[in-house]
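The values are calculated or read from the model by the stated rules, or taken from the named source; none is laboratory data. Here the structure is a predicted model, which is why all the values come from computation and not from measurement. All Cβ positions, even for glycine, are placed from backbone atoms using ideal geometry, and neighbour counts span all protein chains on display. Keep in mind that these areas ignore ligands, DNA and RNA; they rest on the heavy atoms of the full protein, side chains included. Shrake-Rupley method; radii C 1.70, N 1.55, O 1.52, S 1.80 Å.
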Amino acid sequence: MKYKEYGKQNRDVILLLHGGGLSWWNYREAAERLQNDFRIVIPILDGHAGSNKNFTTIEDNAAEIISFIDAEWGGSVLLIGGLSLGGQILLEMLSQRKDICRFAMVESAAVVPSKLTDSLIKPVFGSCYGLIRQRWFSKLQFRSLRIKPELFNDYYQDTCAITKQNMIAFLQESSVYCIKKSLGECTAEIHLFVGGRENKRILLSAKKLHETLEKSSLHILPAMHHGEFSINRSDLYANELRAIVKHY
């Protein structure tokens, strides 16, 4: 796994795990806002543009990042944030290592499996994968994600670099991920974020996580869609992160 890093070596460490189909630029603006006070590390998830491995499972990605934290920072960091697929990997990390971080920001992570979605991914991408490299088609997808326009070139370039095998792999993994029993044993202070205009599965997942993690905080972001918090509103994201860790 490869990593993008911001900030000075001797600062508290924050890891940010990007969404599926995106890459490190998911958190670029947030990292730039935070780099004077923290060491920001953004793993490029397996199977994504700029990575050096194919995507296998959420569990494998989580274990790989845990091993990295063990080697570099003695087994724990100050905070880990994750969006969507990155949020699922963060939840898995907390399930595998209960004290991997002091604070966690989980944004829009699905934990309600969808067998229907899983069954449709392979045939749908098998038939339309070739269109991804067409700019007009990519622009349609991009608009549906409601990512701010200035990030289109990053999105288009990196989406074109994802193989069909990897795209199917991480989409299928994400569609069937569910809460592990061991998650309830984690010691991190967990903050759950979800857009008020997200789909029912994501909203239900946030509620289920909040019920499972009794000490968690649930933040519903009015008028926001999937991913808008960390991608489009990096100012709010950085401010919220600072507020979470300020009493540490």
Legend entry - Of residues in segment 1-24 being among the hydrophobic types (A, V, I, L, M, F, W, C) and either more than 14 Å from the chain's Cα centre (by Cα) or open to solvent by less than 10 Å² (accessible area, probe 1.4 Å) (or both), the one farthest from K246 (Cα to Cα): M1
Inset, instruction - Restricting attention to segment 201-230, report how many residues are in contact with a Leu (Cβ under 7 Å, 6 or more places away or on another chain), closer than 20 Å to R143 by Cβ and either open to solvent by 70 Å² or more (accessible area, probe 1.4 Å) or not hydroxyl-bearing (S, T, Y) (or both). - result: 2
Inset, instruction - Would you check if there is a residue in segment 152-161 being under 19 Å from the mean Cα position of the chain (by Cα), in a loop (DSSP other than H, G, I, E, B), buried (at least 17 other Cβ atoms within 10 Å of the Cβ) and of a type in the set (V, I, T)? - result: no
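Among the listed residues V194, V176, V245, identify the single one that is in contact with a Pro (Cβ under 6 Å, 6 or more places away or on another chain) and at pLDDT 90 or above.
On the way: V194 fails: in contact with a Pro (Cβ under 6 Å, 6 or more places away or on another chain); V245 fails: in contact with a Pro (Cβ under 6 Å, 6 or more places away or on another chain).
The unique qualifying residue is V176.
Would you mention how many residues in segment 98-116 are out of contact with any strand residue (DSSP E or B) (no Cβ under 8 Å at 6 or more places or on another chain) and of a type in the set (S, T, Y)?
Our first condition is that a residue be out of contact with any strand residue (DSSP E or B) (no Cβ under 8 Å at 6 or more places or on another chain); within segment 98-116, this holds for 98-99, 110-116.
Right, trim to of a type in the set (S, T, Y) and you get 114.
Looking only at that region, the number is 1.
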Inset, instruction - Determine which single condition R197 fails, assuming it passes every other condition in (1) more than 16 Å from the chain's Cα centre (by Cα); (2) crowded, with 17+ Cβ neighbours inside 10 Å. - result: (2)
Inset, instruction - Give, as residue ranges, the helices (runs of 4 or more DSSP H) completely inside segment 76-149 that count at least 1 residues that are at pLDDT below 85 and closer than 30 Å to A63 by Cα. - result: 115-128
Legend entry - Sole exception among (1) over 18 Å from the mean Cα position of the chain (by Cα); (2) of a type outside the set (S, T, Y); (3) surrounded by 14 or more Cβ atoms within 10 Å (Cβ to Cβ) for R133, by number: (3)
Inset, instruction - State whether the residues of segment 171-182 include one that is free of Cβ contacts under 8 Å to residues at least 40 places away in the same chain, of a type in the set (S, T, Y) and surrounded by fewer than 21 Cβ atoms within 10 Å (Cβ to Cβ). - result: no
Legend entry - Among residues of segment 35-50, those that are hydrophobic (A, V, I, L, M, F, W, C), modelled with pLDDT of 95 or more and either in a loop (DSSP other than H, G, I, E, B) or more than 14 Å from Y237 (Cβ to Cβ) (or both), counted: 4
Legend entry - Any chance N36 is farther than 25 Å from I147 by Cα and of a type in the set (S, T, N, Q): yes
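From the list S23, S67, which residue is of a type in the set (G, A, S) and without any contact (Cβ under 8 Å) to a residue 24 or more places away in the chain? Break it down stepwise before answering.
Working: S23 fails: without any contact (Cβ under 8 Å) to a residue 24 or more places away in the chain.
Every option except S67 fails the conditions.
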